[in-house]
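Report on the structure given below.
Values quoted throughout were computed directly from the atomic coordinates according to the rules given, and no laboratory measurement underlies them. From a predicted model like this one, the values you see are computed outputs, not experimental measurements. Using ideal geometry, Cβ is built from the backbone for each residue, glycine included, and neighbour counts are taken over all protein chains shown.
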Amino acid sequence: MKKLITILLILIMAGAASAGVSKVGTSGAQFLKIGVGSRYQGMGDASVAMVNDVYAAYWNPAGLADVENWSVGFTNVNWLLDVDLNHFGLAKTYEDVGTFALSATVLSMGDQEITVSAPAGEERTGEFYTATSYQVGFSYARNLTAKFAFGATFKYVGERIHKVNSTGFGFDLGTRMHTGFKSLTIAMSITNLGPSMKFTGTDLDVGYDPEGSNQDNDSYPATLKTTDYELPMAFRFGASYEIYNQQNSSLTLSGEVKHPNDMTQQSALGAEYSYSKKFFLRSGYKFGYDEERLSLGAGLRTEITRGTTLIIDYAWQDFGRFNDSQKFSVGFTF
């Protein structure tokens with residue numbers, strides 16, 4: 001146990017002590033950073049070495065290798081400023097072949113009224129706009145040995161703001177290894193590898209007057225130029241260990257370090273207490289984040305019919321100066 005605690009503390013200290021110039025704003029598709037699966041969100045996102053269900057397609061595709069037959073899950077995230085994120089995942093394991101999974105995520109917001117500048121102030125146009133981001137993924141994972149698993153995800157990514165949109169694709173890769181030292185597991189993943197994206201659309205079409213100040217001149221059709229942006233790529237490395245297991249109770253500790261391409265290094269530490277493998281309490285803490293810190297969660301896992309298990313999870317996350325975030329997940333294994 002002392003070795004595990006030392007490993008986790010090194011991971012956390014490495015993340016907290018890392019230095020560098022912040023690159024905030026250098027990547028787009030920021031919705032890809034919002035985690036899914038309330039079990040892991042309740043643990044502060046310290047999930048790369050612990051994820052073992054349909055949500056592994058997001059955190060670390062190698063974890064899909066633990067899906068025994070069918071697994072399905074749905075997550076709703078009540079994000080900031082009335083923004084909602086919904087995620088659906090479906091995984092199926094085929095003996096001697098591996099696990100395949102499909103996933104879809106949609107981030108949406110309510111309609112916003114369009115206004116224009118006028119001498120007397122803003123004027124309403126009677127029109128509305130909205131913004132939507134989405135991704136659709138296909139994953140595969142397999143246990144290459146009794147202790148080592150590998151997984152990969154291909155994702156199609158899109159974003160739309162009124163009449164402009166951007167599309168692209170990315171890849172996630174992950175590995176997981178059971179070390180053989182009791183329950184100690186180490187894992188790593190790299191997410192959102194892919195080419196840059198760029199917005200295009202009719203909202204970028206404008207009239208251009210080369211004289212500028214001469215209102216009598218006819219304007220020429222032109223298109224505003226937009227800048228390419230990268231996907232929010234991140235590298236994760238972490239470990240998990242069951243530090244307590246007596247009768248019907250167990251306690252698992254998980255930690256990870258994350259290196260994103262548009263932020264300085266971050267890290268997280270999480271814990272999950274299980275009673276009878278049916279009731280769960282969770283907590284996590286993030287280091288190196290601007291606003292996110294403490295998270296709490298709870299879960300229920302119960303058999304509703306022979307061979308079919310219902311899984312319900314809830315997570316609460318502190319967002320500092322912003323509103324708290326609520327996250328719900330429901331799923332089945334069968």
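Remark: 285, 273, 58 ranked as 273, 285, 58, counting other beta-carbon atoms within 10 Å and listing the fewest first. Against the chain, whose longest principal axis is taken from its Cα atoms, helix 2-17 shows a tilt of about 10°.
Taking 56 Å as R0, compute the FRET efficiency from the Cβ-Cβ separation of residue 334 and residue 222 and round it to 0.05.
Working: r = 57 Å, r/R0 = 1.02.
FRET efficiency, residue 334 to residue 222: 0.50.
Among residues other than residue 293 whose Cβ falls under 13 Å from its Cβ, what is the net charge (Lys/Arg +1, Asp/Glu -1)? Let's see the in-between values first.
Numbers: positive: 286, 321; negative: 45, 290, 291, 292, 318, 324.
Every neighbour counted, the sum reads -4.
Spin-label point model (7 Å from Cα, Cβ direction): what's the residue 156 to residue 279 distance in nm? Calculated label separation equals 4.5 nm.
At q = 0.08, 0.12 Å⁻¹, work out log10 I(q)/I(0) for the chain with the Debye formula, treating every Cα as an identical point scatterer and leaving solvent out; two decimals please. Those come out to -0.43, -0.86, one per q. Model label sites at residue 304 and residue 115, defined 7 Å from Cα along the beta-carbon direction, differ in position by 4.6 nm. From the largest down, region 34-141 spans 70, 26, 15 angstrom on the principal axes of its Cα atoms. Site pair residue 70 and residue 202 shows an inter-label distance of 4.3 nm when each label is modelled 7 Å from Cα along Cα→Cβ.
Which of the peptides 29-42, 61-74, 187-200 is most tightly packed, and how do the rest follow, going by the mean number of other Cβ atoms within 10 Å of each residue? Present the calculation step by step, with values, prior to reporting the outcome.
Values: 29-42: 24.6, 61-74: 22.1, 187-200: 19.0.
Top of the packing list down: 29-42, 61-74, 187-200.
Once fully extended, how much extra length lies between residue 138 and residue 245, figured as 0.36 nm per residue of separation less the alpha-carbon to alpha-carbon distance? Don't skip to the answer; put the middle values down first.
On the way: separation 107, 0.36 × 107 = 38.52 nm, distance 3.56 nm.
Result: 35.0 nm gained on full extension.
Phi angles of region 159-168 translate, via the Karplus equation with coefficients 6.51, -1.76, 1.60 and θ = phi - 60°, into HN-Hα couplings of 9, 9, 10, 6, 10, 10, 8, 9, 9, x Hz per residue; Gly and Pro are given as x. Here's the list of aspartates and glutamates a cross-link from residue 225 could span, going by alpha-carbon distance under 13 Å and ignoring same-chain residues fewer than 8 apart: 203, 205. Peptides 106-113, 148-155 ranked from most to least packed, by the mean per-residue count of other Cβ atoms within 10 Å: 148-155, 106-113.
Suppose we look only past 23 Å in the calculated P(r) of region 78-192. What percent of the Cα-Cα pairs does that tail hold?
Working: 3444 of 6555 pairs.
Beyond 23 Å sits 53 percent of the P(r) for region 78-192.
Working note: Karplus 6.51/-1.76/1.60 with θ = phi - 60° gives region 313-322 the couplings 9, 9, 9, 10, 10, 6, 10, x, 6, 9 Hz, where Gly and Pro are set to x.
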